[in-house]
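Here's the structure, in structure tokens; my notes come after.
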Number of protein chains: 2
Amino acid sequence: MSTENPGALPTSLQRLWEGTTPGRRGPKPALSAERIVEAAIELADEDGLAAVSMARVGKRLGFSPMALYRHVRDKEELLVLLSDAAAGDPPPIDPAVGWRRGLEIWTRAQIDGVLERPWLLELPLSSTPFGPGRVRWLDRAFEVMRPLDIPTDDKLGIAGLLAQHVLGEARVQVESRRAAADRVRRETGAAPGTPESDLDPAALAAADPYTDFEIVLQRYIGPDTYPSLFEAMSAWEPEAPGAGVTTSDEIDFGIMVILDGVEAYIARRRRG
Amino acid sequence: MSTENPGALPTSLQRLWEGTTPGRRGPKPALSAERIVEAAIELADEDGLAAVSMARVGKRLGFSPMALYRHVRDKEELLVLLSDAAAGDPPPIDPAVGWRRGLEIWTRAQIDGVLERPWLLELPLSSTPFGPGRVRWLDRAFEVMRPLDIPTDDKLGIAGLLAQHVLGEARVQVESRRAAADRVRRETGAAPGTPESDLDPAALAAADPYTDFEIVLQRYIGPDTYPSLFEAMSAWEPEAPGAGVTTSDEIDFGIMVILDGVEAYIARRRRG
DNA sequence: ACCAAACTGCGTATACCGTCAGCAGTGCGT
DNA sequence: ACGCACTGCTGACGGTATACGCAGTTTGGT
């Protein structure tokens, strides 16, 4: 079964892996999927994912909107290519640090990548497929897990678990960062639309990192409606200021738990 | 700091928690945010998230598109309300099963919920905020973790970790299901757009559960481009047929690893 | 050298989409 | 009974993705 033809791929994945076949006749294409994706990434970096429209991408490249459709089937396909290209390159990881520390570095690097491109969080999960970009990261994860004597399936599961955690952790940090910016805007009387780069960095760093979630907890959670949560809340001491933003030296609770789980799994496996 | 006014909320979150203030004068509103969200959910259940447009939601309720804007600021706000309402209710969980089994049930129930509404995966992470629906689930998680003697922050982290895993696991299963449907469509010569419900259930169950990912691995991963991944692939025996779809009796590797990690964390905490 | 085929980019046109502004009707508070 | 607050709606606008077909360009075959 593993040797028979495994069937066809969705066209977007195929284009992702095979690229556009050159085409022997006709005028040399002045445009390419790579250049289109590149321009789309620039737009997203500047003004968020909503700024990525076929018209604007075309205009930025000096082409008409319809020109893009010769290299990209769909807008959806463009977003798929975009998402894969934005994955970037994984950092080299010294095997000497061991698999545990290696996976931690790997995960942190991915979180940093999302923090640099927060619009990745605006993409639906369904348009982040297994393209070359993401597989490069996966390859690096397998390099790190090379000394681990567990089935490939389990390694896949571990990488998937950590990759999923990346999204959750990045989301928390992006949201906390946005909440702080909102707070500064309100307190300094800046216009609600002021870009974050125009705000006072010192004020930003000093702003209380209340996330929306914490505000909701304090304001709406009562003993009748959400008893267990309320009970836990009562015994809750908010962390020190700045705790909402996990700096790279602090312990990431999520990574720690997952890696502890992996260790427990390996130990149990070795035993039985 | 924990007692001072924690500041304003984004308007969508506020509407989510406070609802629409009734309005004492003027005609009784014939429409409500709840009914709008309800109709939107029906549309999404039938034809996916793309079918949810202001015009279609209005038409389904027998109102004009603009009527919705009296109850919902934005389409984005509608999606936020939609996402929270679609969370549904968590099942009751017998405390006697213990926190570990309880969290497993909690997670599985959430995965099942997403499988019933696959369009939840099409929503960007950024429009799934902490509304009453999601907080009901969180409350249930805290009920399950009641016997655990760890800080509230850590319980939040655990719930977040599992909730994030829900998305990853549901995504894998949805994608595997879709791949099987594609395969059946191709083999039976059905039109590419045939809805899954019109396909032969027996053929669907028997279809090889190759995911796109596995096809990519077999077709494009070479020793030069992705050496570590290729090495692991060579030693890879694909699982038995049907393995792509995790039934509720099987072990979910992800849940297991996370819960093992939680246990390790608790043990270490008790020790030191 | 020539022509047909293949291929590119673009102009036009369509059908939506979300949403702003203003209007007519309704019913409570006074 | 009056006015005001509030409703839902009409009309319009700018933006969106994209189907279709045309004109121009390069190449392979003859």
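The values are calculated or read from the model by the stated rules, or taken from the named source; none is laboratory data. Remember, predicted model here, so these are calculated numbers, not experimental data. FYI the Cβ positions are ideal-geometry reconstructions off the backbone, even for glycines, and counts take in every protein chain you see. SASA here: full protein model, heavy atoms, side chains in, ligands and nucleic acids out. Shrake-Rupley method; radii C 1.70, N 1.55, O 1.52, S 1.80 Å.
Amide hydrogen proximity for A:Ile150: with H placed 1.01 Å from N in the peptide plane, no residue at 5 or more positions away or on another chain lies under 5 Å. Per-residue mean of foreign Cβ neighbours for B:145-154 is 3 (Cβ atoms of other chains, 10 Å radius).
Spherically averaged projected area of the convex hull of Cα atoms, chain B: 21.7 nm². Leaving ligands and nucleic acids aside, the B/A contact buries around 7100 square angstrom of accessible area in total at a 1.4 Å probe radius. Residues in the range B:66-73 carry Karplus couplings, in order, of 5, 4, 5, 5, 6, 10, 9, 5 Hz; the curve used is 6.51 cos²θ - 1.76 cosθ + 1.60 with θ = phi - 60°, and Gly or Pro positions show x. Considering only A:Ser64, A:Ser228, A:Ser32, the mean-square fluctuation computed in a Gaussian network model of chain A, springs between alpha carbons under 10 angstrom, is largest for A:Ser228.
Helix-only estimate, please: 222 nm mean residue ellipticity of chain A, summing -39500 (n - 2.57) across DSSP H runs of length 4 or more and dividing by its residues, to the nearest 500. Roughly -18000 deg cm²/dmol at 222 nm, from the helical runs in chain A.
When you restrict to C-alpha pairs under 8 Å that are six or more residues apart and normalise by the size of chain B, the relative contact order lands at 15 percent. Shape annotation for the range B:159-204: C-alpha extents along the principal axes are 44, 18, 14 Å, from largest to smallest.
Please say if the range B:47-90 is rounded, prolate or oblate, where rounded means a/c under 1.5 for a ≥ b ≥ c the square roots of the C-alpha gyration tensor eigenvalues, and otherwise the choice is prolate for a/b larger than b/c and oblate otherwise? Prolate, since a/c reaches 1.5 and a/b exceeds b/c.
Taking chain A as a Gaussian network of alpha-carbon nodes connected by springs under 10 Å, the highest mean-square fluctuation of the residues A:Thr211, A:Thr188, A:Thr225 belongs to A:Thr225. Which translational diffusion coefficient, to the nearest whole µm²/s, is obtained for the range A:11-85 from the Stokes-Einstein equation, given a Kirkwood hydrodynamic radius over C-alpha pairs, 10 °C and 1.306 mPa s? Calculated translational D: 126 µm²/s. Taking a point 7 Å out from the Cα of B:Arg269 in the direction of its Cβ, the residues of the range A:251-272 whose backbone N falls within less than 17 Å of it are A:251-261.
The lysines whose alpha-carbon is closer than 21 Å to the alpha-carbon of B:Lys59, local same-chain residues fewer than 8 away aside, are B:Lys28, B:Lys75.
The magnitude of the dipole of the protein assembly as shown, with charges of +1 and -1 set on the Cβ of Lys/Arg and Asp/Glu and taken from the Cα centre, is near 1180 debye.
With loop membership from DSSP and a limit of 15 other Cβ atoms within 10 Å, the longest segment of chain A without GluC sites (Glu not before Pro) is A:5-238. Which residue fluctuates most in the GNM of chain B (Cα springs below 10 Å): B:Ala141, B:Ala30, B:Ala180? It is B:Ala30. Amide H to amide H, with H built 1.01 Å from N, B:Thr128 comes under 5 Å of no residue 5 or more places away or on another chain. Taking the alpha carbon gyration tensor of the protein assembly as shown, multiplying each eigenvalue by 5 and rooting it gives semi-axes of 35, 32, 26 Å, largest first. Here the range A:24-147 is treated as a Stokes sphere of Kirkwood radius computed over C-alpha pairs; at 37 °C and 0.692 mPa s its diffusion coefficient rounds to 206 µm²/s.
Here the range A:1-150 is assigned +1 on the Cβ of each Lys and Arg and -1 on the Cβ of each Asp and Glu. Its dipole about the Cα centre then comes out at about 580 debye. Per residue, the solvent-accessible area of the range B:28-85 (1.4 Å probe, heavy atoms of protein chains only, all protein chains present) comes to 53 Å².
Projecting the Cα atoms of B:Ser53, B:Phe130, B:Phe213 onto the charge dipole of the protein assembly as shown (Cβ charges, centred on the Cα centre) puts B:Ser53 farthest toward the positive pole. The trypsin sites (Lys or Arg not before Pro) of the range B:18-51 that DSSP puts in a loop, and whose beta carbon has at most 10 other beta carbons within 10 Å, are B:Arg24, B:Arg25.
Loop-located trypsin sites (Lys or Arg not before Pro) in the range A:68-173 (DSSP state not H, G, I, E or B) with no more than 16 neighbouring Cβ atoms inside 10 Å: A:Arg73.
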